[in-house]
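All of the numbers you see were taken from the coordinates with simple rules; none came from a lab. Small disclaimer: the values here were computed from a predicted structure and weren't measured. Ideal geometry is used to build each Cβ from the backbone, glycine not excepted, and the neighbour counts take in all protein chains shown.
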Amino acid sequence: MSLLRIDSSIQGDGSSSSALADQVVAEFRAVRPSEPIVTRHLGEQPLPADAWRAALGAKAVPEEQRTPADRAALALAVEVADELRAADAAVLALPLYNYGVSQHVKTWIDLVIAGVDDPVGLLTGTPVVLVTTRGGAYGPGTPREGWDHNTGYLRRILADVWGADLTVIEREFTLVGINPALDEFREHAATLRKSAEEAAAEAGRSLAA
Ligand SMILES: Cc1cc2nc3c(=O)[nH]c(=O)nc-3n(C[C@H](O)[C@H](O)[C@H](O)COP(=O)(O)O)c2cc1C
């Protein structure tokens, strides 16, 4: 059984999404100490932003008309798609930036779709844990309700298009304790953090089961 782990934070060791993914992996490892774990970090080693256009260009012409750069881009698209297809389970840490999905994650999704004939059902039957974190809070009744354009999009792609058996772990208010304007939410943020950590541990055990 192989586990695919994808991170995408741009915040290095301070990443709260990677910390939750660490917990998922730790619980998985506790049950399955020697299973292979394939990793990719989209925030630290971004996929080239121009590869998507080149991969689509390569697909549109016969093999002999493809440039070396277009061939390399298509090979990369196939590689990221195959990585997903080969995974028996996956944990994806994909946080919110600028009210949406990060450019690194969007590039990855576009390349995966370019790397297959039909993206529908690419992950059918694969348990996938999506970990997503955000600095603020966007739930019902909040001033910015509906401004999180990350989580819904990711659910659409992962579950509705790729067909993953999806578990979503969300942690809001990660900027509490960092941004003084949010100090009044300290207690609430601590509760959200604790429940996200418990959900991550549970998800790791369930991936290993
Ligand atoms: C460039 C940048 C943009 C961000 N944009 C938002 C935003 O639009 N809304 C929000 O609630 N938090 C925003 N945040 C805060 C992140 O969502 C928060 O730090 C979250 O924990 C990111 O996950 P990470 O810790 O794994 O990097 C932003 C952070 C950065 C660095």
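What to note about this one:
- FRET E, pair Arg32, Lys194, Förster distance 22 Å, beta-carbon r, rounded to 0.05: 0.30
- Most mobile listed residue (Ala93, Ala181, Ala114) in the chain, GNM with C-alpha springs under 10 Å: Ala181
- Separation of the stretch 76-141 from the stretch 1-39 is 15 Å, based on Cα centroids.
- Global geometry of the stretch 1-144, whether rounded, prolate or oblate, following the gyration tensor of its Cα atoms and the 1.5 cut on a/c: oblate
- Per-residue ellipticity at 222 nm from helix content only, as computed over the chain with -39500 (n - 2.57) for each DSSP H run of at least four residues, stands at -13000 deg cm²/dmol.
- ³J(HN,Hα), Karplus 6.51/-1.76/1.60, whole Hz, each residue of the stretch 17-33, x for Gly, Pro: 6, 5, 5, 5, 5, 4, 5, 4, 5, 4, 5, 4, 4, 4, 8, 10, x
- Within the shell defined by Cβ-Cβ distances under 11 Å, the residues around Ala60 carry a net charge of +2, with Lys and Arg each +1 and Asp and Glu each -1.
- Nearest 10 degrees, 0 to 90: helix 103-114 Cα axis against the chain principal axis: 40 degrees
- Extension gain, Glu44-Gln11: 0.36 nm per intervening residue step, less the Cα-Cα distance, totals 11.0 nm.
- Overall shape: oblate for the stretch 60-109, with the ratio a/c of the largest to smallest alpha carbon gyration tensor axis at 1.5 or above and b/c at least equal to a/b.
- Sites listed here are GluC sites (Glu not before Pro) in the stretch 25-63 whose DSSP assignment is loop and whose Cβ has at most 14 other Cβ atoms within 10 Å: Glu44.
- Nearest 10 degrees, 0 to 90: helix 186-208 Cα axis against the chain principal axis: 50 degrees
- Relative to the compact-globule estimate of 2.2 N^0.38 Å, the Cα radius of gyration of the stretch 67-188 comes out at 1.24.
- When Trp162, Trp147 are arranged by Cβ crowding within 10 Å, least crowded first, meaning fewest neighbours, the order is Trp147, Trp162.
- 5 angstrom amide H check on Ile169, placed H, neighbours 5+ away: Leu130, Val131, Thr132
- Cβ-based net charge around Asp22, under 12 Å, with every Lys or Arg adding one and every Asp or Glu removing one: -2
- Positive minus negative residues near Thr132 (Lys, Arg vs Asp, Glu; Cβ under 11 Å): 0
- The HN-Hα couplings worked out from phi for the stretch 116-127 by the Karplus form 6.51 cos²θ - 1.76 cosθ + 1.60 (θ = phi - 60°) are 10, 6, 9, x, 5, x, 3, 10, 4, x, 9, x Hz, whole numbers, x standing for Gly and Pro.
- When you filter the trypsin sites (Lys or Arg not before Pro) in the stretch 60-153 for DSSP loop state and at most 11 other Cβ atoms inside 10 Å of their Cβ, you are left with Arg144.
- Remark: the Cα gyration tensor places the stretch 135-209 in the oblate category, a/c being 1.5 or greater and a/b not exceeding b/c.
- Relative contact order %, the chain, counting alpha carbon pairs below 8 Å whose residues are six or more apart: 26 percent
- Sequence-distant residues sharing a close amide H with Val38 (under 5 Å, placed H): Leu3, Leu4, Arg5
- For Gly100, distant residues with modelled amide H under 5 Å away: His149
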